[in-house]
Amino acid sequence: MKVKTKMLKYAAIAVLSLSMTACANLSAQNLFSHYSAANEQAYQAMQQGHYQQALAALPDAPAGDILDGMERGRVGFVAGAYPLSFSSLQHADNAVKAQQQAAEYQVSEGLNQAGSLLTNDNMITYKPADYELGFLHLYLALNYIQQRDLEGALVEVRRANQVQMAARKERQAALEKAEQTAQSNGLSQNLGAVLARYPQVGDMLGNVQNGYLFYLSGLLYEANGDLNNAYIDYTRALAVAPNNRYVAQSVLRLATRLDMVDDLPSLKARYGRYQPLPRGQGRVVVLDEQGVVMALDGWRLPLWLPSSQGYGAMYNLALPYYPQTALPAYSSLRLGNQALAEQPLANINGMAQYSLHEALPTLVVRQMLRAVAKNEVRRASAQQGDDLGNALANIFNTLTEQPDTRSWQTLPAAVGLAQQDVAAGQYTLDWNGHQVAVPVKSGRTTLVWVSRQGSALTGWSVLLGDN
């Protein structure tokens with residue numbers, strides 16, 4: 001009876017303290033599991049191209065309004081549920097703005113940080129990575145394009161560049177703070193040891209900027225007649241994908257029209273001369289999203305914290321990581337009877353890996369501080385001769401140490417670009433039994449957006465402005 005009473009006492013104290021420190025994020029999901037586990041069914045359905053199943057399987061906001069809105073917005077878009085996609089992305093956008101602007105945010109986040117010191121990083125309010133913020137506005141822009149609202153789309157691509165720059169500055173400040181915290185707490189050597197043993201995160205080169213966003217932005221500016229801004233963003237896309245001949249042709253086209261005398265010699269030397277659109281023909285530009293971005297998994301590193309009183313405990317640093325997975329190979333899209341030759345435009349797997357790589361020191365320092373805090377709670381019980389409290393603390397610490405695998409998991413893994421000049425007329429884009437109608441007019445550009453997962457293809461086309 002005495003043992004049972006003590007167990008109830010410890011359980012009550014744990015629940016009360018957690019509910020006081022991080023009630024906004026407290027759930028069994030956040031305490032004893034992680035986001036990738038909750039999202040597994042929807043993720044697998046997306047990989048197989050079962051878009052409606054993926055939409056139905058999305059969990060109910062396990063990570064809050066921002067991530068839930070982004071996931072529903074992306075899945076709704078590929079499922080053809082455009083009003084749902086648009087409203088979900090707008091909801092996420094409003095939640096991001098509220099997070100950034102609310103005066104009480106720092107207070108509530110302080111409580112969440114306190115709760116995370118006794119549990120795990122899932123108690124901390126989710127803040128999207130800068131590449132995710134870029135995609136939030138990119139998909140809002142695509143929604144506007146699908147609605148034939150060029151002005152709305154242009155607003156979103158402008159915002160995308162602004163929010164990514166602001167998020168990058170904030171991330172750099174967080175990294176510097178983590179390094180200072182590690183030094184002040186004597187954790188610098190431990191930090192280096194953990195990072196040295198962490199799984200390889202892949203090749204980082206070329207994964208900092210979003211070539212997809214830059215190219216789409218250039219395309220919209222050009223369609224709107226703003227050639228100077230179009231040229232700037234096309235050149236940004238070319239810097240990310242320097243071997244993409246379609247991006248190079250776009251840069252050459254505008255460099256010629258704008259008479260960029262300083263740039264043209266080097267551009268011509270590397271990519272050749274600009275070939276103008278023949279009379280009576282139109283240009284078809286295909287943006288091809290492929291696969292599903294890698295989902296974060298958990299990686300554990302044992303950490304033994306000894307005690308001078310003879311007590312000690314084993315802790316696990318539970319960190320997120322990206323398991324290496326191969327992108328499925330897709331056969332060529334066909335426009336009419338001609339196979340399209342695609343060129344890589346963006347590697348979202350690489351962007352996700354790079355973002356995690358930059359955040360890793362902050363994550364590791366926070367994990368180490370949490371291990372120390374949990375060990376102090378355990379030691380307090382041990383010093384009082386409370387063997388049951390010591391045992392319960394060890395069990396609680398083990399069960400609640402979960403990796404923070406929150407990320408936008410329904411994004412594509414990669415994006416390809418294809419371009420073809422054809423005579424004006426009506427065409428179809430074909431793949432694996434799926435078709436998208438493609439109208440082509442003389443002197444105009446037709447944008448075709450498609451997304452391929454498993455054996456499924458979804459997409460649409462829209463006529464843009466004059467060339």
Can you find, within the stretch 437-467, the residue that is surrounded by the fewest Cβ atoms within 10 Å (Cβ to Cβ) among those that are among the polar types (S, T, N, Q) and under 24 Å from PRO276 (Cα atoms)?
SER442
How about the stretch 235-335: which strands (runs of 3 or more DSSP E) wholly inside it have at least 1 residues that are touching a strand residue (DSSP E or B) at 6+ places or on another chain (Cβ under 7 Å), modelled with pLDDT under 85 and not hydroxyl-bearing (Ser, Thr, Tyr)?
297-305, 313-321
Being within 18 Å of ILE145 (Cα to Cα) and buried (at least 23 other Cβ atoms within 10 Å of the Cβ) is the filter here; which residues of the stretch 71-96 pass it?
GLY73, ARG74, VAL75, GLY76, PHE77, VAL78, SER85, SER88, LEU89
With respect to ARG283, determine if the residue is of a type in the set (Lys, Arg), in contact (Cβ under 8 Å) with a residue 12 or more places away in the chain and touching a Ser or Thr at 6+ places or on another chain (Cβ under 7 Å).
yes
May I ask you to list the residues in the stretch 418-467 that are under 30 Å from ALA45 (Cβ atoms), polar (S, T, N, Q), part of a loop (DSSP other than H, G, I, E, B) and out of contact with any Ser or Thr (no Cβ under 7 Å at 6 or more places or on another chain)?
SER455
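Going by what's in this entry, would VAL194 be described as in a helix (DSSP H, G or I) and at pLDDT 90 or above?
No, not satisfied.
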Looking only at the stretch 44-61, which residues are more than 16 Å from GLY459 (Cα to Cα) and buried (at least 20 other Cβ atoms within 10 Å of the Cβ)?
ALA45, ALA54, LEU55, LEU58
Pair list, Cβ under 7 Å, 6 or more apart: the stretch 49-73 residue without any contact (Cβ under 8 Å) to a residue 24 or more places away in the chain and assigned to a helix (DSSP H, G or I), other residue buried (at least 23 other Cβ atoms within 10 Å of the Cβ) and not hydrophobic (A, V, I, L, M, F, W, C):
ARG72/SER88
Would you check if GLY291 is at positive phi and under 23 Å from the mean Cα position of the chain (by Cα)?
yes
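Here's the yes/no breakdown for (1) within 21 Å of the chain's Cα centre (by Cα); (2) modelled with pLDDT of 95 or more; (3) not acidic (Asp, Glu):
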{"position": "GLN53", "(1), (2), (3)": "no, yes, yes"}
{"position": "GLN113", "(1), (2), (3)": "no, no, yes"}
{"position": "THR119", "(1), (2), (3)": "no, no, yes"}
{"position": "GLY134", "(1), (2), (3)": "yes, no, yes"}
{"position": "GLU156", "(1), (2), (3)": "yes, yes, no"}
State which residue is surrounded by the most Cβ atoms within 10 Å (Cβ to Cβ) when the search covers only the stretch 203-233 and only residues that are without any contact (Cβ under 8 Å) to a residue 60 or more places away in the chain, farther than 26 Å from GLN353 by Cβ and not polar (S, T, N, Q).
ALA230
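I need the full set of residues from the stretch 39-48 which are touching a Pro at 6+ places or on another chain (Cβ under 9 Å), part of a helix (DSSP H, G or I) and either within 11 Å of GLU71 (Cα to Cα) or among the charged types (D, E, K, R) (or both), in order please.
We begin by selecting, within the stretch 39-48, every residue touching a Pro at 6+ places or on another chain (Cβ under 9 Å); these are 39, 41-42, 47.
Filter once more, so that each one left must be part of a helix (DSSP H, G or I): 41-42, 47.
Scanning the stretch 39-48 gives a single hit, ALA42.
The values are calculated or read from the model by the stated rules, or taken from the named source; none is laboratory data. Predicted model, so just to flag it, every value in this text is computed and none were measured. Counting neighbours? That spans all protein chains shown, and the Cβs are built from the backbone with ideal geometry, glycine included.
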